[in-house]
């Protein structure tokens, strides 16, 4: 599980630069949608699709949270794969439910969905907060295991 959350295989410099560029480009573009929704909340809350069954306003607030805060964590590469889950779910709903899987109407949602799915597989790269965080978690886990195995041999 730790290796999945903090992958080390995509840490080559050129790959990591490409992943950083993708995170910046798609993260900022995704965030712009959230800012637009937040600025037009009063207007949108009356007509926003209610996919949660809790009302248009709640669905809009959840979408704004995903598009603003999850995309910020996505950009800096913090808990990358975890924040991608709501982003992927949001674009899945947008494409398959809101746009009824029509490429002509929901091409942007489909593009985001595909990019987010691909990045979830690859990971954030070495230019991310997850890189040193993952190294710390893995090292800390190794130390705890060494301490446990050392104390068991003393018994």
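Each value in this text was obtained by applying a stated rule to the coordinates, not by laboratory testing. Predicted, not measured: the structure shown is a model, and the values here were computed from it. Glycine also receives a Cβ, built like all others from the backbone with ideal geometry; neighbour counts cover every protein chain displayed.
The angle separating the long axis of helix 13-39 from the principal Cα axis of greatest extent in the chain is about 40 degrees.
What is the fewest-to-most order of 144, 37 by other Cβ atoms lying within 10 Å of their Cβ?
Numbers: 144 10, 37 19.
Least crowded to most crowded, the residues run 144, 37.
Ranked by how many other Cβ atoms sit within 10 Å of their own Cβ, fewest first, the residues 81, 23 fall in the order 81, 23.
Give the calculated FRET efficiency between residue 28 and residue 92 to the nearest 0.05, with a Förster radius of 25 Å applied to their Cβ-Cβ distance.
Details: r = 21 Å, r/R0 = 0.85.
It comes out at approximately 0.70.
Using the Cβ-Cβ distance between residue 56 and residue 101 with R0 = 22 Å, the FRET efficiency computed as 1/(1 + (r/R0)^6) comes to roughly 0.50. Compared with the dominant Cα axis of the chain, that is its longest principal axis, helix 103-122 is turned about 10°. By how many degrees, between 0 and 90 and to the nearest 10, does the Cα long axis of helix 130-154 differ from the longest principal axis of the chain? Approximately 40 degrees, to the nearest 10.
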